[in-house]
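These notes concern the structure reproduced below.
The numbers here are math on the coordinates, done by the rules we state, and not lab data. In this text, all values refer to a predicted model and were calculated from it rather than measured experimentally. As a convention, Cβ positions derive from the backbone with ideal geometry for all residues, glycine included, and neighbour counts pool all protein chains shown.
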Amino acid sequence: MTEIDPQQIVFELREVTEQLRKFPTDSVVCGVVGSVLERARKIKLYSGHPLERELREAVAELCFAFRDWWRGPGELIFGPDIAHDQAKIWEIAGNLWTMTVKEVAEHSLTRHIPF
């Protein structure tokens, strides 16, 4: 298995975010969101790694872009109920990516989740 370059993943995350914002109805762009997040999931960065902050910000921005997709084209495709729920999930995910571990543990939405 080849090692995934964190810098390449940060670039891909930013590129997909930009494309999703530019072309929200492009099915190819929408389909790539999951695969680039899957690749990002495989990166093992320790706290304080030079790219850790960039990676967290890039993932969060993609989450927020996908939240916006659910509020626009996603709502037209899947209906307002599903779209509202999905948009909220992606918004929470984006916010979690911008928080520190301590902030997540103290947050009201995650307070009762054992870590």
Practice prompt. May I ask you to sort D81, D26 by Cβ crowding, counting other Cβ atoms within 10 Å and putting the fewest first?
Written response: D81, D26
Response to the item:
In whole angstrom, largest first, the equivalent ellipsoid semi-axes that the Cα gyration tensor gives for the chain are 24, 21, 10
Worksheet item: With charges set only on the Cβ (+1 for Lys and Arg, -1 for Asp and Glu), what does the dipole of region 6-106 come to about its Cα centre, in debye to the nearest 20?
Response: 260 debye
Worksheet item: If you average the sequence gap of Cα pairs under 8 Å that are 6 or more apart and divide by the length of region 3-95, what percent do you get for the contact order?
Response: 31 percent
Practice prompt. Counting helices only, and only those DSSP H runs with n ≥ 4, report the 222 nm mean residue ellipticity of the chain as the sum of -39,500 (n - 2.57) divided by its residues, in deg cm²/dmol to the nearest 500.
Written response: -23000 deg cm²/dmol
Worksheet entry | Cβ-Cβ FRET estimate between K42 and H84, R0 fixed at 25 Å, reported to 0.05 | 0.20
Item to complete: First measure r as the distance between the Cβ atoms of I4 and T25, then evaluate 1/(1 + (r/R0)^6) with R0 = 35 Å and state the FRET efficiency to the nearest 0.05.
Response: 0.75
